[in-house]
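The values are calculated or read from the model by the stated rules, or taken from the named source; none is laboratory data. What you are looking at is a predicted structure, and each value in this text was computed from that prediction instead of being measured. Virtual Cβ from ideal backbone geometry, glycine too; neighbours counted across all protein chains shown.
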């Protein structure tokens, strides 16, 4: 039987750099040119199967437009983060750097961070060189890649690379982010279970 | 800020965040603002730095309390009753996926100088040290009566009418002692005072049923609690609102509620910007609470005060079997008061403080001009207190329904031990704003490849 792991992934980056488009490409292999902000796209999950048949399930948290006013809950128990900038906007890399500093301060120290330069299809208008971004990522110990959510180039590769880098040492049931079926099922209570369990079968299990 | 919104929500307390989330899901264009740079308002959970900044701005937290980031200290002591309305809203809106919950380990009641577990079934009542042998038999009959009650079967009613007979008459029928009435009315029906006894028995019956069904749900106590503190609840509903298009602005001073010549709501002014909307909803602090008027109008009135003492302990509360969390109720009669004293305790099990620290909040409705002395019976149950932060807060209620001026004000967080009155307020405000009852729709949101 193949092993399965679940991880919480958070997206960060200035608005309009293509965070939601990147996720939409990864999860549904779609792209929408005139996509405004993300209404109702509440909760996305996608799995990646590695060469050794290990299945990594990402529970993806988009900023939902709360870029400037994220709640501490957003970072809580995040296993990995994709910090996105737009290669045609130099200022978006500066913003990405400030998110990375905030992650380094607020998130779990073991968090895997990928810096991602999006809009590779607009390389003709490039303002951020590959060298510059790559050098910064190396200095900070981050993964780095360029993508185009529009053409799909590099997108699945970023998520696969993150999946490979995440620790897969813990027993499968013990991993997982803050979401339903994650850590909660081990020690806590599941409100979605119906109320008819009598005493003696109280602790719900996630088997 | 040229855009016009359907609703501006002021304050990110739980009531406002639930409303914001539900309004966004309903399709309203919502702008949600807060003067603070954090979510939660009065229902936030603070880390040590924030807690000291609030209560002791001239002091830094002592090093032996441990890491700042391990703390999430609630300002309002409440638990979630497992089978209550808040649970239903959490499940229906699917906000549960952002949160993790744990049980509260025990529910206790004070009687004759010591604390005991609250019995919640006739079986437990029979074993409880709260009652003598004969009283146990009477209590067993009382609980059997409640458990067997069927609305349409008069044989189960034993001659009582829940809508006509008072609770005092029901107690009398079963011959229950005053001390037993105390734990039933206060520790199970969770009334804060004894006024319920002279009223029809039905609400008390329903509250006891809520307590016992909540107790049966997870086993240890009727309560559950979100990991990382109650402050997670408003954050989770704020995320719901944002996902449905709600716009968030924190750290924004609110300088004026702008109205037209008829006093109807126009917009909200922050500095020299005014944002317009059709309706505004917010907590009392944005509408003149603590001041005599807001823009010349009295929009909220004080209807009482609550004293709360946040206590850090380095040990579990004595007599609770070293419970990692507990509620203790001191019924008013037991200590010669009109209102109950509540203790709510949580610990590192709930990710709200460092290991081996216990956070207990003692609270009651203020009856005298020396509020701190009023909670002394509660403080005495805690054993040595490492440190405590005492505050007295006013409870505000709006003076009008808001239907004439489109200004809808929520109520302050009261002294009850759970969130049921908060949900009542959500329903009430919704009805006032939308002119219809709130019906929860099940969300279907999972996007999975």
Looking at the stretch A:104-115, is at least one residue more than 14 Å from chain B (Cβ to nearest Cβ) and either in contact (Cβ under 8 Å) with a residue 60 or more places away in the chain or not in a strand (DSSP E or B) (or both)? yes
In the stretch B:208-226, the residues that are outside any helix (DSSP H, G or I) and within 7 Å of chain A (Cβ to nearest Cβ): B:219, B:224
Among the residues of the stretch B:329-352 satisfying the criterion of being surrounded by fewer than 24 Cβ atoms within 10 Å (Cβ to Cβ) and in contact with a helix residue (DSSP H, G or I) (Cβ under 6 Å, 6 or more places away or on another chain), which is nearest to residue B:305 (Cα to Cα)? B:339
State which residue is modelled with the lowest pLDDT when the search covers only the stretch B:174-204 and only residues that are farther than 21 Å from residue B:133 by Cα and surrounded by fewer than 19 Cβ atoms within 10 Å (Cβ to Cβ). B:193
Hey, could you check the stretch A:48-79 for residues that are touching a residue at least 60 places away in the same chain (Cβ under 8 Å) and in a strand (DSSP E or B) and say which is nearest to the other protein chains (Cβ to nearest Cβ)? A:59
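Results for (1) modelled with pLDDT of 95 or more; (2) more than 14 Å from every other protein chain (Cβ to nearest Cβ); (3) surrounded by 19 or more Cβ atoms within 10 Å (Cβ to Cβ), shown as yes or no for each residue.
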{"position": "A:26", "(1), (2), (3)": "no, no, yes"}
{"position": "A:38", "(1), (2), (3)": "no, no, yes"}
{"position": "A:82", "(1), (2), (3)": "yes, yes, yes"}
{"position": "A:102", "(1), (2), (3)": "no, no, no"}
When residue B:51 is evaluated against the numbered criteria (1) assigned to a helix (DSSP H, G or I); (2) away from chain A (no Cβ under 14 Å); (3) free of Cβ contacts under 8 Å to residues at least 24 places away in the same chain, which criterion, by number, is the only one it fails? (3)
If residue B:440 satisfies every condition in (1) in contact with a helix residue (DSSP H, G or I) (Cβ under 9 Å, 6 or more places away or on another chain); (2) outside any loop (DSSP other than H, G, I, E, B) but one, which is the exception? (2)
Options B:86, B:90; residue that is under 18 Å from the mean Cα position of the chain (by Cα), surrounded by 14 or more Cβ atoms within 10 Å (Cβ to Cβ), assigned to a helix (DSSP H, G or I) and at the interface with chain A (Cβ under 9 Å from one of its Cβ atoms): B:90
Looking at A:200, A:176, A:181, which one is modelled with pLDDT under 95, within 12 Å of chain B (Cβ to nearest Cβ), part of a loop (DSSP other than H, G, I, E, B) and crowded, with 21+ Cβ neighbours inside 10 Å? A:176
Check on residue A:45, within 11 Å of chain B (Cβ to nearest Cβ), free of Cβ contacts under 8 Å to residues at least 60 places away in the same chain, in contact with a strand residue (DSSP E or B) (Cβ under 6 Å, 6 or more places away or on another chain) and over 18 Å from residue A:150 (Cα atoms): yes
